[in-house]
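Undergrad: Before anything else, here's the structure in question.
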Amino acid sequence: MSVDRCVCFNVSFAEMLELREQGLTFAEIRDQTGCCSGCGMCQPYCRLALATGAESIPILRGRDLARAWQADPDAGLASRESAPT
């Protein structure tokens, strides 16, 4: 069994990754889609999906779940301040 979306708002990780490709940060994706703002159970999975590019993540338990909470969802995202204008 795996997790592939925010169930509360029916936002798939694939949709979130498309928004990431457009340069949106985790906070912007959350604001635009509502993901992670319902029950919150998907937040570690959303963070991990954005950090790794995975569209589906196995159910996590224990230390793996704790590590997912620490995943940097904006890792690898070019800083807008440093991007040429």
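Undergrad: Looking only at residues that are of a type in the set (A, V, I, L, M) and over 12 Å from residue 54 (Cα atoms) in segment 1-19, which one is surrounded by the most Cβ atoms within 10 Å (Cβ to Cβ)? First the steps, then the outcome.
TA: Step one: filter segment 1-19 for residues of a type in the set (A, V, I, L, M), giving 1, 3, 7, 11, 14, 16-17, 19.
Now narrow it down to the ones that are over 12 Å from residue 54 (Cα atoms): 1, 7, 11, 19.
Details: 1: 4, 7: 13, 11: 21, 19: 18.
Per the criteria, the residue is 11.
Undergrad: Shifting gears a bit: Taking residue 6 as the residue in question, decide whether it is out of contact with any strand residue (DSSP E or B) (no Cβ under 7 Å at 6 or more places or on another chain) and in contact (Cβ under 8 Å) with a residue 40 or more places away in the chain.
TA: Working: out of contact with any strand residue (DSSP E or B) (no Cβ under 7 Å at 6 or more places or on another chain): yes; in contact (Cβ under 8 Å) with a residue 40 or more places away in the chain: yes.
The answer is yes for residue 6.
Undergrad: Take the residues in segment 31-60 that are among the charged types (D, E, K, R) and surrounded by fewer than 20 Cβ atoms within 10 Å (Cβ to Cβ); name whichever of them is nearest to the chain's Cα centre (by Cα). Step through it out loud before you land on a result.
TA: To start, the set of residues in segment 31-60 that are among the charged types (D, E, K, R) comprises 31, 47, 55.
Subset that is surrounded by fewer than 20 Cβ atoms within 10 Å (Cβ to Cβ): 31, 55.
Working: 31: 12, 55: 10 Å.
The residue in question is 55.
Rule-based calculations on the coordinates, nothing more; no lab input. Everything numeric in this text was worked out from a predicted model, so none of it was measured. Backbone-built Cβ (ideal geometry, glycine too); neighbour counts: all protein chains shown.
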